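Data first, discussion second: the structure below is written as structure tokens.
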Amino acid sequence: MPNAKRNTPSKKSSPKESVLDAFKSVWAHSLFTDFDVSLFLLGKHFRLYEKMGAHLCTVNNVAGTYFAVWAPNAQQVAVTGNFNGWSRESHQLNKRWDKSGIWEGFIPHVAKGEVYKYYLKGFDGSDIEKGDPYALRWEHPPQKASIVWDVDYGWKDKAWLKKRPKLNALNQPISVYELHLGSWQRDPSNPERVLSYGEIANTLVPYILEMGFTHVELMPIMEYPYYPSWGYQVTGYFAASSRHGAPQDLMYLIDQLHQHNIAVILDWVPSHFPGDANGLFNFDGTHLFEHADMRKGFHPDWKSYIFNYDRNEVRSFLISNALFWLEKYHADGLRVDAVASMLYFDFSRTPEEAGTNEYGGSENLGAISFLKDLNEAVYGNYQGVQTIAEESSTFDGVTRPVFAGGLGFGMKWMMGWMNDTLKYFKNDPINRKYHHHQLTFSISYAFSENFMLPFSHDEVVHGKSSMIYKMPGDEWQKFANLRALYAYMFTHPGTKLLFMGNEFAQTNEWNFSESLNWDLLQYAPHAGMQKVVKALNQLYRTEPALYQYNFSYEGFEWINADDMDHSVFTYCRKGSKPKDTLLVVLNLTPVYRENFRLGVPAKGKWKEIFNTDASEFYGSNKLNPKAIATENIDCNHHKQSIAINLPPLGAVIFKKEAGTNAKKST
């Protein structure tokens, strides 16, 4: 039982007085209407956070808190806390007379800041103590009780919300900086202390502005008990993690980002939850939130429990949670974790270990229906937001609209591209010609979904090594390879995501328990890498050809996809206007190639606007300093061509100078 000696801001009332007041006119003061209950039972109540949980209010001129919790199979439910000495008897909730399974009651004199839990007499008569599934705040781990709180905040991001539909649209540059709040930076004087939301805001906002990212994605910030889970084992779905401060402190961080035109994506985990005694598991003595059939309800990899998406009340809970973060925290998007594990019963299981749907198939039809409902609710209620699926299977139509038979996500992580790209770059350059089409293959399916290109936290942990040490060669070659890799990423169709530390070539694998090694920036190779990413972000944001057709074949054309002998890749990125066309050339061997000829799409003078080999990036400075006029020499099936200097392990980008002959080359 939690420590009954904790400080409490509330007036203590006698058990007798509390019982009488709690029962007094309780039905008249319920927050639930019959319509609320019917929506809840149909899986269509998407604002449950306005009804469930703990709500500060005044009844009969007495201030207190109204509590409501779903526990249909419990024999008894009470609120215990500092205010009643953690008594299991003095403040019983009342079970509604309908079939909702909701217990509720008003308790006077319970004020903001009060620590509490629910005591339940389980279906089997067991004694159960649980945190509030709808609590707006939880205690700092390892303490696990809920806290009466509110989500009132004076937002100052009205201007951002007004222009968000345009700036956060799919035809705009979307460059995401993914970060873990507990290890991006730590207190230099005390490395064991994580920074507060406010402290993070003071350094993160100027850094994102300096680097030119358009979005930040926060790894899960919902309350979670086990720090090494990185936030992916959630207990407090409606509570910002208390490790960094109060809910309003997180709102301040998001508000500051918005005031500087930086969008915020939150990692969201509707796929599974831990078996923590204070969380959702076995909530009322039964498998309430999770499947009772463990072939469908238990995740063998993560030792966690899978939501029962067939249950309407669970769907109401989860969709309400998604809308809560969009509504109360002004999130601009949700990155939905582990979608593939939701879609298939046999994800990470043998067929013998997996359940099946009613037709004998492996698809989780309840999850598929839930995801469609989720995306319809999100896009139907909020303008300018995005949902992004972390989905690794070949499920068709993840980003197709629901009305067209899809799941309705805005974007999907391009996991195949990420895997093939890293496999290719890990090869010694002398062998890359044998793996040439590992890079070209992605274009064959690049426009089948709205893809985001991710180099995420998952690629730099668990022995996978840091990005820089995935690269072959000596030190100079490793950095040249990584610069070229990032240029390839930023010029490939799709939106972009880069995990913190990758932008300056962090040498160690990511460690959630310590700060990134910012001291590396004193060294030229790392400073050069950071400058490359900054320059690529600037290029991406200012060149329409790199974002206008993020997800359409109209925005891409191969010039030469088959030069495997040289390991050279040449392609164009196109915008809505011919003058915006960019010519991209990748040389993925350490051989410097002078007078390298390639076909171009239009006659005129082509000027180099970006080169990863520039000395400011720690390159060898093999540049093309002057604009290069086209010649009437056939090359790569084009009648016009240019001869360029192609730097070793480098990427160069050309753009035709305005006013020069724009006649199309064929």
Q. Spin-label point model (7 Å from Cα, Cβ direction): what's the Gln75 to Ala277 distance in nm?
A. 2.0 nm
Q | Sorted by Cβ neighbour density within 10 Å, fewest at the top, the residues Asp276, Asp458 | A | Asp458, Asp276
Q. Under 15 Å from the Cα of Lys426, which aspartates and glutamates turn up, not counting those fewer than eight places away in the same chain?
A. Glu459, Asp474, Glu475
Q.
Give me the mean projected area, in nm² to one decimal, of the convex hull enclosing the Cα positions of region 553-656.
A. 6.4 nm²
Q.
What translational diffusion coefficient, to the nearest whole µm²/s, does region 452-555 have by Stokes-Einstein, given a Kirkwood radius computed over alpha-carbon pairs, a temperature of 4 °C and 1.567 mPa s viscosity?
A. 89 µm²/s
(Q) Rg/Rh for region 15-147 to two decimals, with Rh computed the Kirkwood way over all alpha-carbon pairs. (A) 0.94
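What length, rounded to one decimal in nm, is gained on full extension from Glu557 through to Leu521, with 0.36 nm per residue of separation minus their alpha-carbon distance?
Extra length available between Glu557 and Leu521 comes to 9.3 nm.
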Q | Environment charge of Leu41, counting only residues whose C-beta is closer than 14 Å and scoring Lys/Arg +1, Asp/Glu -1 | A | +1
Q | Two-site FRET efficiency, Gln172 against Gln259, from Cβ-Cβ distance with R₀ of 22 Å, rounded to 0.05 | A | 0.70
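Sort Met222, Met529 so the one with the fewest other Cβ atoms within 10 Å of its own Cβ comes first.
By the 10 Å Cβ count, ascending, the order reads Met222, Met529.
Quick one: net charge of Arg295's neighbours, Cβ under 11 Å, K/R +1, D/E -1?
Local charge sum for Arg295: -2.
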Q) Quick one: of the DSSP bridges fully inside the chain, what percent are antiparallel, nearest 5? A) 70 percent
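Please state the shape class of region 107-160: rounded when a/c is under 1.5, otherwise prolate if a/b exceeds b/c and oblate if not, all from the C-alpha gyration tensor.
prolate
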Q: Please give every one of the lysines within straight-line cross-link reach of Lys117, meaning a C-alpha to C-alpha distance under 19 Å, and leave out same-chain neighbours fewer than 8 residues apart.
A: Lys5, Lys11, Lys12, Lys51, Lys95, Lys130, Lys144
Q: In nm, give the distance between the simple-model label positions of Ala643 and Ile609, each being 7 Å from the Cα along the Cα-to-Cβ direction.
A: 2.6 nm
Q | Gained length - Cys57 relative to Ser362, 0.36 nm times residue gap less alpha-carbon distance | A | 105.1 nm
Q | Other-chain or far-sequence residues with amide H under 5 Å of Asp187's (modelled H) | A | Arg193, Leu195
Q. Is the shape of region 122-256 rounded, prolate or oblate, going by the alpha carbon gyration tensor and its root eigenvalues a ≥ b ≥ c, with a/c under 1.5 for rounded and a/b larger than b/c for prolate?
A. prolate
Q | Additional length obtainable on full extension of the chain from Glu657 to Ala629, 0.36 nm per residue less Cα span | A | 9.1 nm
Q | Whichever lysines have a C-alpha closer than 25 Å to that of Lys605, once near sequence neighbours (fewer than 8 apart) are set aside | A | Lys574, Lys577, Lys579, Lys622, Lys626, Lys639, Lys655, Lys656, Lys663, Lys664
Q: Please sort 404-416, 423-435, 332-344 by packing, taking for each peptide the average over its residues of neighbouring beta carbons within 10 angstrom, highest first.
A: 332-344, 404-416, 423-435
**Q.** Per-q log10 I(q)/I(0), the chain, q = 0.05, 0.08 Å⁻¹ (Debye; single scatterer per alpha-carbon; no solvent)
**A.** -0.27, -0.65
Q) Summing +1 for each Lys or Arg and -1 for each Asp or Glu, what net charge is found among the other residues whose Cβ lies under 15 Å from the Cβ of Tyr118? A) -3
(Q) How far apart, in nanometres, would the label points at Asp98 and Ala246 be if each is projected 7 angstrom from Cα along the Cα-to-Cβ direction? (A) 3.4 nm
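Each reported figure results from applying straightforward, stated rules to the coordinates on display, with no laboratory input. Owing to the predicted nature of the structure, the values given are computational and were not obtained by experimental measurement. Positions of Cβ are generated from backbone atoms using ideal geometry, with glycine treated the same way; all protein chains shown enter the neighbour counts.
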